[in-house]
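Just so it is clear, none of the values below were taken in a lab; they were calculated from the coordinates. It should be emphasised that the depicted structure is a prediction, and the values quoted were computed from it without experimental measurement. Glycine also receives a Cβ, built like all others from the backbone with ideal geometry; neighbour counts cover every protein chain displayed.
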Amino acid sequence: MITHSGFIALIGRPNVGKSTLLNAILDRKIAIVSPKPQTTRMNIRGILHRGGSELILVDTPGVNRARRSLDRHLARNARSAAKAVDGLWHVVDVSRPPREEDHWGADLCRAAGAPIWLLANKSDLVATPEERMTAYRMLADYERGYAVSALTGTGIDRLLADALACLPEGMAYFPEDMVTDQPEDTYVAEAVREQILLATEDEVPHSVAVVVEERTLRPNHTMYLRATVYVERESQKAILIGAGGRMLRRIGETSRRGLEEYFQTRVYLDLWVKVRRHWRDQEDWLRRLGFTHRE
Ligand SMILES: Nc1nc2c(ncn2[C@@H]2O[C@H](COP(=O)(O)OP(=O)(O)O)[C@@H](O)[C@H]2O)c(=O)[nH]1
Ligand SMILES: [Mg+2]
């Protein structure tokens, strides 16, 4: 029986490792990860049941300067995630000095009003993480600070034990076997987008949106998936397809492998590429893709 439960939002600038941390704590990949900013576009909840406790972690898009309609929605998503939580983890990259966006992250946490913990991630990259944390400690009135590495797992057990111990009394919000509230189609789209982020450079990644058109389980236990990749320009479409269709085949192949692991079944992935000019500035498209009104 669950006797303690609560929500914690992961806040911080893009690329500090929020999604990697979520996956590490859940010991399962539910959020996509890449070295590119704006990898995470929506708030994703990861649910952990441990003993009599339920910890719900809310991964958010990075806090950044809003330029486009899409950016504004991402920032709003992060702000809305910070509301009504029991705690905030301000995640920073301790291998680098604080920058302006780290201040914004701290401000967002402060405005939310719940206790803030400083999570100095990527501690594997520096010899003396505790020392490097000093500059970050100034950014807000942190209740606690942890040097962690989402990549190697250092510090995660202690952080998790402390987080569980601090949860308020309460009943479970989710069923015991639920790991995320992310719909399966969303994960499919994200898994494809992750491979595109990893395979392409420059202007392609941010212009990509993936829509799942069909997901059916065939009688031979193969999951049939058909998805369309939208880009903003013909030149981007050409890059994604590649010479002789090689790029798209590679993206399809690596996406399929990840999806087979996620769904624990054989997957047939049918990928299409289409051009939709300036979708990032079109409110109706942002709505269709689910970026708006997701509180
Ligand atoms: N060395 C190191 N790299 C990390 C760590 N955590 C995340 N990364 C890398 O940092 C990049 C951004 O990670 P991601 O989780 O997408 O960051 P997010 O934008 O904050 O969600 C990826 O290439 C990760 O592999 C860590 O603890 N150590
Ligand atoms: Mg992320």
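Considering the chain as a Gaussian network with a 10 Å cut-off on Cα pairs, which listed residue, 39, 20, 216, attains the greatest mean-square fluctuation? Top of the fluctuation ranking is 216. Taking the alpha carbon gyration tensor of the chain, multiplying each eigenvalue by 5 and rooting it gives semi-axes of 32, 23, 18 Å, largest first. For segment 72-155, the pair-distance distribution built from all alpha carbon pairs, in bins 5 Å wide starting at 0, is 3, 16, 26, 22, 18, 11, 3, 0 percent.
Please report the antiparallel percentage of the DSSP beta bridges confined to segment 1-152, to the nearest 5. Don't skip to the answer; put the middle values down first.
Working: 7 of 28 bridges.
Once the DSSP bridges in segment 1-152 are tallied, antiparallel ones form about 25 percent.
Within the set of other residues whose C-beta is less than 9 Å from the C-beta of residue 140, count the net charge using Lys and Arg as +1 and Asp and Glu as -1. Show your work: numbers first, answer last.
On the way: positive: 110, 137; negative: 107, 141.
Charge balance near residue 140 sits at 0.
The GluC sites (Glu not before Pro) of segment 172-205 that meet both conditions, a loop assignment by DSSP and at most 14 other Cβ atoms within 10 Å of the site Cβ, are 176, 201, 203. Shown here are the Rg and Dmax of the Cα trace of segment 6-146, at 14.1, 44 Å. A cut-off under 9 angstrom between Cβ atoms defines the neighbours of residue 117, and their net charge, with Lys, Arg +1 and Asp, Glu -1, is -1. Based on C-alpha pairs under 8 angstrom that are at least 6 apart in sequence, segment 184-288 has a relative contact order of 29 percent.
Have a look at 248, 88, 197 and tell me which one the Gaussian network model of the chain (Cα, springs below 10 Å) gives the largest fluctuation. For the chain, modelled as a Gaussian network with Cα springs under 10 Å, the answer is 248.
Distance between the 7 Å Cα→Cβ label points at residue 206 and residue 224: 3.8 nm.
Here segment 209-231 is scanned for amide nitrogen atoms under 17 Å from the site 7 Å beyond the Cα of residue 272 along Cα-to-Cβ, giving 209-216, 224-231.
Pairs of Cα atoms nearer than 8 Å and 6+ residues apart set the relative contact order; for the chain it is 19 percent.
Histogrammed with a bin width of 5 Å, the alpha carbon distances of segment 184-288 distribute as 2, 13, 24, 25, 17, 11, 6, 2, 0 percent, first bin at zero.
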